[in-house]
Ligand code: ADP
Ligand code: MG
């Protein structure tokens, strides 16, 4: 286990809405180790997506520092450095799947590997193996429109795993799924956690929180462990 895998120091994020500032994260500092499944909870509008976007380097705060291992302050990286870092070290699963509709399940899963310059044949084999792991070995050549919501989400999970990211972020990945499919997704995520991996997922679902190792709750701009 890596003790201080993630370190956020004095992070503040606000949005300007018309004339007033909405303070979503108010000077938060947290440390998180690897080898955990972390449920990120809090009421709607509390800042779960905001925190996930910050951790995914898709947004920058007004103040604060973020390090993953010995990366230095990731918030000070330029866009190119962030993009490179993101490709190699982390992945994000969105609630609405964000699959590319013209590509088959296999092609969607292969894509992050191809962006890293991995050979097509190797990407293909990894994608097949991941789709099999999520129970979609009979759906390789289906396009997203030909898959159910649960199946699309499993493709999105497979895609998020192909580059073996150290940090996997998921924003309400089971939001549109029934309980059985939702628990299945969480079980798949749990199965890839190891000494070098951390998974953080936003959820409203108590039974999924119960399956997690830690619960991190955002409330009134603060973040607390439950
Ligand atoms: P959650 O994911 O917990 O529902 P969000 O992180 O999406 O909450 O949003 C937190 C707060 O920040 C909300 O009040 C939301 O309206 C506001 N917010 C989020 N993104 C923006 C934005 N781009 N511009 C203005 N306000 C935003
Ligand atoms: Mg959200």
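Here are the numbers for this structure:
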read-out: Selection count where residues are over 25 Å from residue 89 (Cα atoms) and in contact (Cβ under 8 Å) with a residue 60 or more places away in the chain, scope the range 181-207; value: 1
read-out: The range 167-188 - residue that is away from ligand 1 (no atom under 16 Å from the Cβ) and part of a strand (DSSP E or B) and, of those, farthest from residue 208 (Cα to Cα); value: 167
read-out: Of all residues making up the range 208-219, the number that are touching a residue at least 40 places away in the same chain (Cβ under 8 Å) and either loosely packed, with under 14 Cβ neighbours inside 10 Å or away from ligand 2 (no atom under 16 Å from the Cβ) (or both); value: 6
read-out: Test: residue in the range 22-44 that is free of Cβ contacts under 8 Å to residues at least 60 places away in the same chain, buried (at least 19 other Cβ atoms within 10 Å of the Cβ) and outside any helix (DSSP H, G or I); value: no
read-out: Selection within the range 88-110 - away from ligand 1 (no atom under 16 Å from the Cβ) and surrounded by 16 or more Cβ atoms within 10 Å (Cβ to Cβ); value: 89, 90, 91, 97, 99, 104, 105, 106, 107, 108, 109, 110
read-out: Residue that is under 26 Å from residue 66 (Cβ atoms) and either touching a residue at least 60 places away in the same chain (Cβ under 8 Å) or surrounded by fewer than 19 Cβ atoms within 10 Å (Cβ to Cβ) (or both), where the choices are 178, 171; value: 171
read-out: Residue check, residue 52 within 16 Å of ligand 1 (Cβ to nearest atom), within 11 Å of the chain's Cα centre (by Cα) and part of a strand (DSSP E or B); value: no
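Coordinate-derived values only; no laboratory data. Note that this is a predicted model, so its numbers are computed, not measured. No Cβ is skipped: glycine too gets one built from the backbone with ideal geometry, and neighbour counts run over all protein chains shown.
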